[in-house]
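J.: Provided herewith is a single structure, encoded as structure tokens, for subsequent inquiry.
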Amino acid sequence: MTHQHFILHKPDGYLSQFVTDTKKKRVLGELYSFPEGTMCIGRLDEDSEGLLLLTTDGKMSNYIRSTEIEKEYYAQVDGLITKEALGQLQAGVEIGVRNEKYQTQPCTAFPLETPPPFGPRSRRIRDDRHGPTSWVSITLTEGKLRQVRKMTAAVGFPTLRLVRVRIGPVQLGDLPAGAVKEIDLPAYFDYQSGVSQ
């Protein structure tokens, strides 16, 4: 069987799924006519944006969701993030996962010197009259529910906007919000028959 693979720049306000019981919610099938059997490789919550990989290959999905593959996010946070907070993020922080305490793994976190050139969201974020904001890059190898948001809140800088920009070697780049592109995903990961080469 020949599998198909896609990259998508998920806009805010969309669920990372193809069907929903709630008519008011928007789903990925509104953006593109994906082939039957397409699945998201991981998810982004409704308010989050950025790189989403999709495939018809379940083994490929399992491999990319594993802790072997880095996922990088740009988070706009409330306030000017401090060296101390970045150090805490890098070392790992305690968050809640399914009503239990969870210690996140050490990660890479650093401030972005200039705001990334993302277009405006469909739903506006508060403006600078309510105080300054800053952007930080956070790279994880795990993916708990709303993990980045919980991590920045735990160090005192709640996330206002969250954009995933990289999964392993695959970059979001300048793909516009809502755009979908079919790609040769296994070639990026040197992947064959469910095994990394």
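A short reminder: the numbers here are calculations on the coordinates, not readings from a lab. Here the structure is a predicted model, which means the values were calculated and not measured. Note that we place each Cβ from the backbone using ideal geometry, even for glycine, and neighbour counts take in every protein chain shown.
J.: Please compute the Cα-Cα pair-distance distribution of region 71-167 with 5 Å bins starting at 0, giving whole percents from short to long.
T.: For region 71-167, the pair-distance distribution reads 2, 13, 26, 26, 18, 10, 4, 0.
J.: Report, in deg cm²/dmol and to the nearest 500, the calculated mean residue ellipticity at 222 nm for the chain, where each DSSP H run with n ≥ 4 adds -39500 (n - 2.57) and the sum is divided by the residue count.
T.: -4000 deg cm²/dmol
J.: Give me a comma-separated list of calculated 3J(HN,Hα) values for region 12-17, in order, Karplus coefficients 6.51, -1.76, 1.60 applied at θ = phi - 60°, integers in Hz, x for any Gly or Pro.
T.: Values per residue, Gly and Pro as x: 5, x, 10, 7, 7, 7 Hz.
J.: Between Thr139, Thr20, Thr55, find the one with the highest GNM mean-square fluctuation for the chain; connect C-alpha pairs within less than 10 Å.
T.: Thr20
J.: What is the Cα coordinate range of the chain on the first, second and third principal axes, sorted by size from largest, in whole angstrom?
T.: For the chain, the Cα spread along each principal axis is 52, 37, 35 Å.
J.: Can you list residues whose amide H is under 5 Å from Phe110's amide H, if they're 5+ apart or on another chain and H is modeled 1.01 Å from N?
T.: Under 5 Å from the amide H of Phe110 lie the amide H atoms of Ser137, each far enough along the sequence or on another chain.
J.: Right, here's the next one. In debye to the nearest 20, how big a dipole does the chain give about its Cα centre with +1 on each Lys and Arg Cβ and -1 on each Asp and Glu Cβ?
T.: 660
J.: Normalised by the number of residues in the chain, what is the relative contact order in percent for Cα pairs under 8 Å and 6+ residues apart?
T.: Once normalised by length, the contact order is 31 percent.
J.: Beyond a 25 Å Cα-Cα separation, which of these cross-linked pairs lie in this structure: Lys23/Lys71; Lys144/Lys181; Lys24/Lys101; Lys25/Lys181; Lys10/Lys83; Lys24/Lys59?
T.: Lys23/Lys71; Lys144/Lys181; Lys24/Lys101; Lys10/Lys83; Lys24/Lys59
J.: Apply the Karplus curve 6.51 cos²θ - 1.76 cosθ + 1.60, θ = phi - 60°, to the phi angles in region 62-73 and return the couplings in whole Hz, x for Gly and Pro.
T.: 3J(HN,Hα) across region 62-73, in whole Hz: 4, 5, 5, 6, 6, 6, 6, 9, 6, 10, 10, 10.
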